[in-house]
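Asker: This structure is in structure tokens; I'll ask about it shortly.
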Amino acid sequence: MNTALPSTADQITPELTKELIDSQLPFIWDSLKELVAFQSVHSVPGLEEHNAGAAQWCVDQFRAAGIPVESITTTDGSSAVIGLKEAAEGYPTILLYSHFDVQPSGVEKDWTSDPWTLTERDGRWYGRGAADCKGHVVMHLAVLRALRQLIDAGSSQLDNLGIRVVVEGSEERGGYGLEDLLESQPELFRADTFLIADSGNDELGLPSLCTALRGSAPVTVELRTIQQPMHSGQYGGAAPDALLELIALLGTLHDEKGMLAVDGLASSAVWEGAGPDAAAFHRNAGVLEGVNVLGADEGLAPNDLTVMRPSITVTGLDSLSVADAINAVPGRAAAEISLRVPPGMDPQTAQDALVAHLEKHQPNAQMEITRGVQAQAFRADTSGPALQRFLGALGDVYGHKAEQTGSGGSIPLTNKLLTAYPDSELALFGIEEPQCRIHSADESVDPSEIVHIGATELLFLARTAVENKA
């Protein structure tokens, strides 16, 4: 970069922070390529070396960026990378969170390129975790490197900030390991402001702060009808089909319009913040031509259903695959039922209602229901000085007033952190806009979002140092 760096923190501008992060795009690309190459899917046998390798990579990189982190094994077997650069007296500590674990790649033939090789196409970078959440890991690293540039150039006030780093290793498929660590060693997480980089904007280039998340209360239901699959010619028609019984059971969860039909889960809540209209949601979600967005006929906005009301999705199904079909009556079938719980609804109560519904509609089968781990919904208080400062930085970097948005996802750690430190503030934000297709094939990130979000974080840190408020 050609711009002379300022000697005081109060001279740091939005334009400068964008230039500083933009100048690191080669580092960001190289680092993200290295990190994406690790198949760091938590708790999958055979991938232990990939998870360990990703954790060690984070340790090495954050230490190089000036944060003395170490890898801590948690109760779910994952590694959490945690460390702290102490604050000077009277200065606040800012926690930077992200996670290095990812979702499985899914069906790899659905990917245009290898999911574990970062690939550039048409200005976007493709690979599993490019956005969720390895892109955030390297964004934090770029910010810390830029912070060091500014300190070395004379903005010594920035060096007074405390910086704590927490990089989780089981957010996607577990998460309780880090929560257990928070409960047993809360001092490892102490901070005045938590910057949770694991969200994003409603549209590319539209600055957003996520202020609401749904919780979760999943269950697994398994049906058994016969001891083993039996010849469909000899037994089909009389032997009870476990898969058909499961299909019928799952069909009771919604009415003919696709709305929830579970007693105890009814809601008329609506989302008051910013969000996509039906047409934008149709486009962002990739809804196919001739298929309608649910709720549109009832006059509901998408975020009414994705943020403020409970939803049920079948996220996994165990039965015979079409490719391996045999002429046999299935004797077993199972489904993973994801129940998302909106702010204001208790996950335990919601899960109880779902279990009661399944039991009420007991099919012609032996049924076993297993309750999954619950997570509370999250609602942010944006009135505090840190979040107001962060909203201002977002707007100044993007050149557009930041919006407050909601998300249907769940991040249990948000509530856990604020329960442990109720006087602290928490900002949820990130690089994940709709085109990223997180959790899907061809996940990608727009590098301009990494630049803008990184610049926002850097500007927030600079302004926090100038404010000098712990």
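Asker: Hey, which of the helices (runs of 4 or more DSSP H) in segment 174-258, taking only ones fully inside, have at least 3 residues that are surrounded by fewer than 17 Cβ atoms within 10 Å (Cβ to Cβ) and of a type outside the set (G, A, S)? Talk me through it step by step, then tell me what you get.
Answerer: Working: elements: 176-184, 232-235, 242-251.
Those helices (runs of 4 or more DSSP H) span 176-184.
Asker: Those residues that are modelled with pLDDT under 95 and open to solvent by less than 60 Å² (accessible area, probe 1.4 Å), I need them from segment 9-30; list them, please.
Answerer: Within segment 9-30, just A9 meets the criteria.
Asker: Further, regarding this structure: Pairs under 7 Å by beta carbon, first residue farther than 19 Å from A9 by Cα in segment 444-462, partner open to solvent by 10 Å² or more (accessible area, probe 1.4 Å) and acidic (D, E), six or more apart or different chains?
Answerer: Taking only residues 6 or more apart or on different chains, the pairs are V451/D22.
Asker: Related question: Looking at segment 261-274, which of the residues that are of a type in the set (A, V, I, L, M) and open to solvent by less than 50 Å² (accessible area, probe 1.4 Å) is farthest from Q351 (Cα to Cα)?
Answerer: Going through segment 261-274, the residues of a type in the set (A, V, I, L, M) turn out to be 261-262, 265-266, 269-270, 274.
From what is left, the residues that are open to solvent by less than 50 Å² (accessible area, probe 1.4 Å) are 261-262, 265, 269, 274.
Working: A261: 14, V262: 11, L265: 9, A269: 19, A274: 29 Å.
In this case the residue turns out to be A274.
Asker: Turning to a different aspect of this structure: What are the pairs with Cβ atoms under 8 angstrom where one residue, in segment 288-314, is within 18 Å of S407 (Cα to Cα) and the other, located anywhere, is of a type in the set (A, V, I, L, M, F, W, C) and open to solvent by 70 Å² or more (accessible area, probe 1.4 Å)? Sequence gap at least six, or different chains.
Answerer: Taking only residues 6 or more apart or on different chains, the pairs are L305/L294.
Table: residues versus (1) part of a helix (DSSP H, G or I); (2) over 20 Å from the mean Cα position of the chain (by Cα); (3) not polar (S, T, N, Q).
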{"residue": "G316", "(1), (2), (3)": "no, no, yes"}
{"residue": "I326", "(1), (2), (3)": "no, yes, yes"}
{"residue": "L339", "(1), (2), (3)": "no, no, yes"}
{"residue": "Q348", "(1), (2), (3)": "yes, yes, no"}
{"residue": "L358", "(1), (2), (3)": "yes, yes, yes"}
{"residue": "G392", "(1), (2), (3)": "yes, yes, yes"}
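Asker: I would also like to ask the following. Can you run down the residue pairs with Cβ atoms below 7 Å, 6 or more apart or on separate chains, where the first is in segment 224-236 and touching a residue at least 60 places away in the same chain (Cβ under 8 Å) and small (G, A, S) and the partner is assigned to a strand (DSSP E or B) and crowded, with 17+ Cβ neighbours inside 10 Å?
Answerer: S232/A328; S232/V329; G236/V329
Asker: A further question on this structure: Does G162 count as touching a Phe, Trp or Tyr at 6+ places or on another chain (Cβ under 7 Å), more than 22 Å from S199 (Cβ to Cβ) and surrounded by fewer than 23 Cβ atoms within 10 Å (Cβ to Cβ)? Steps first, answer last, please.
Answerer: Values: touching a Phe, Trp or Tyr at 6+ places or on another chain (Cβ under 7 Å): yes; more than 22 Å from S199 (Cβ to Cβ): yes; surrounded by fewer than 23 Cβ atoms within 10 Å (Cβ to Cβ): yes.
Criteria met by G162.
Asker: List pairs: first in segment 167-184 and touching a residue at least 24 places away in the same chain (Cβ under 8 Å), second of a type in the set (V, I, T) and open to solvent by 30 Å² or more (accessible area, probe 1.4 Å), Cβ under 6 Å, 6+ apart or cross-chain?
Answerer: G177/T75; D180/T75
Asker: For segment 75-110, name all the residues that are in a loop (DSSP other than H, G, I, E, B), more than 22 Å from D180 (Cα to Cα), open to solvent by 20 Å² or more (accessible area, probe 1.4 Å) and not β-branched (V, I, T). Can you show your working first?
Answerer: As a first pass, look at segment 75-110 and keep what is in a loop (DSSP other than H, G, I, E, B): 75-78, 86-92, 100-107.
Add one more test, that the residue is more than 22 Å from D180 (Cα to Cα), and what stays is 86-92, 104-107.
So of that shortlist, the ones also open to solvent by 20 Å² or more (accessible area, probe 1.4 Å) come out as 86-91, 104, 106-107.
The answer is E86, A87, A88, E89, G90, Y91, P104, G106.
Asker: Given the options A37, A9, name the one that is within 15 Å of T119 (Cα to Cα), touching a helix residue (DSSP H, G or I) at 6+ places or on another chain (Cβ under 9 Å) and either hydrophobic (A, V, I, L, M, F, W, C) or without any contact (Cβ under 8 Å) to a residue 60 or more places away in the chain (or both). Give the derivation first.
Answerer: Details: A9 fails: within 15 Å of T119 (Cα to Cα).
The match here is A37.
Asker: So, one more: Looking at L387, L354, which one is at pLDDT 95 or above, assigned to a helix (DSSP H, G or I), more than 26 Å from T93 (Cβ to Cβ) and not small (G, A, S)? Steps first, please.
Answerer: Working: L387 fails: more than 26 Å from T93 (Cβ to Cβ).
After ruling out the rest, the residue left standing is L354.
Asker: A465 passes all but one of (1) under 20 Å from the mean Cα position of the chain (by Cα); (2) of a type in the set (G, A, S); (3) open to solvent by less than 20 Å² (accessible area, probe 1.4 Å); (4) at negative phi; which number fails?
Answerer: A465 satisfies all of (1) under 20 Å from the mean Cα position of the chain (by Cα); (2) of a type in the set (G, A, S); (3) open to solvent by less than 20 Å² (accessible area, probe 1.4 Å); (4) at negative phi except (1).
Asker: Give me the residue from segment 53-69 that is over 20 Å from G127 (Cβ atoms) and touching a strand residue (DSSP E or B) at 6+ places or on another chain (Cβ under 8 Å) and, out of that set, most open to solvent (accessible area, probe 1.4 Å).
Answerer: R63
Asker: Filter segment 427-448 for residues that are open to solvent by less than 10 Å² (accessible area, probe 1.4 Å) and either hydrophobic (A, V, I, L, M, F, W, C) or farther than 27 Å from P342 by Cβ (or both) and give the result. Give the steps one after another, and end with the answer.
Answerer: First, the residues of segment 427-448 that are open to solvent by less than 10 Å² (accessible area, probe 1.4 Å): 427-431, 433, 436, 443-445.
If the condition is that a residue be open to solvent by less than 10 Å² (accessible area, probe 1.4 Å) and either hydrophobic (A, V, I, L, M, F, W, C) or farther than 27 Å from P342 by Cβ (or both), then A427, L428, F429, I431, C436, S444, V445 are the ones that fit.
Asker: Now for a separate question. Being under 24 Å from A131 (Cα atoms), touching an Asp or Glu at 6+ places or on another chain (Cβ under 8 Å), hydroxyl-bearing (S, T, Y) and modelled with pLDDT under 95 narrows it down to one residue among S43, S98; which is it? If you could, list the steps in order and put the result at the bottom.
Answerer: Values: S98 fails: modelled with pLDDT under 95.
On inspection, the qualifying residue turns out to be S43.
Asker: Can you tell me which residue is surrounded by the fewest Cβ atoms within 10 Å (Cβ to Cβ) among those in segment 127-159 that are among the charged types (D, E, K, R) and touching a residue at least 60 places away in the same chain (Cβ under 8 Å)? It would help to see each step written out before you state the result.
Answerer: Looking only at segment 127-159, we keep the residues that are among the charged types (D, E, K, R), and these are 128, 132, 134, 145, 148, 152, 159.
Right, trim to touching a residue at least 60 places away in the same chain (Cβ under 8 Å) and you get 128, 132, 134, 145, 148, 159.
Working: R128: 30, D132: 27, K134: 31, R145: 21, R148: 14, D159: 19.
Among those residues, the one meeting the criterion is R148.
Asker: Would you check if K33 is in a helix (DSSP H, G or I), over 18 Å from D101 (Cβ atoms), open to solvent by 20 Å² or more (accessible area, probe 1.4 Å) and out of contact with any Pro (no Cβ under 7 Å at 6 or more places or on another chain)? Show your work before the answer.
Answerer: Numbers: in a helix (DSSP H, G or I): yes; over 18 Å from D101 (Cβ atoms): no; open to solvent by 20 Å² or more (accessible area, probe 1.4 Å): yes; out of contact with any Pro (no Cβ under 7 Å at 6 or more places or on another chain): yes.
Spelling it out, it is not the case that K33 is in a helix (DSSP H, G or I), over 18 Å from D101 (Cβ atoms), open to solvent by 20 Å² or more (accessible area, probe 1.4 Å) and out of contact with any Pro (no Cβ under 7 Å at 6 or more places or on another chain).
Asker: Residues of segment 422-470 being in contact with a Leu (Cβ under 9 Å, 6 or more places away or on another chain), among the β-branched types (V, I, T) and not in a helix (DSSP H, G or I), which ones?
Answerer: Once the filter is applied, which keeps residues that are in contact with a Leu (Cβ under 9 Å, 6 or more places away or on another chain), among the β-branched types (V, I, T) and not in a helix (DSSP H, G or I), segment 422-470 yields only V445.
The values are calculated or read from the model by the stated rules, or taken from the named source; none is laboratory data. Quick caveat: nothing in here was measured; it's all calculated off a predicted structure. Because the Cβ atoms are built from the backbone with ideal geometry, glycine has one as well, and the counts that use them run over all protein chains shown. All accessible areas refer to the heavy atoms of the entire protein, side chains included, with ligands and DNA or RNA removed. Shrake-Rupley method; radii C 1.70, N 1.55, O 1.52, S 1.80 Å.
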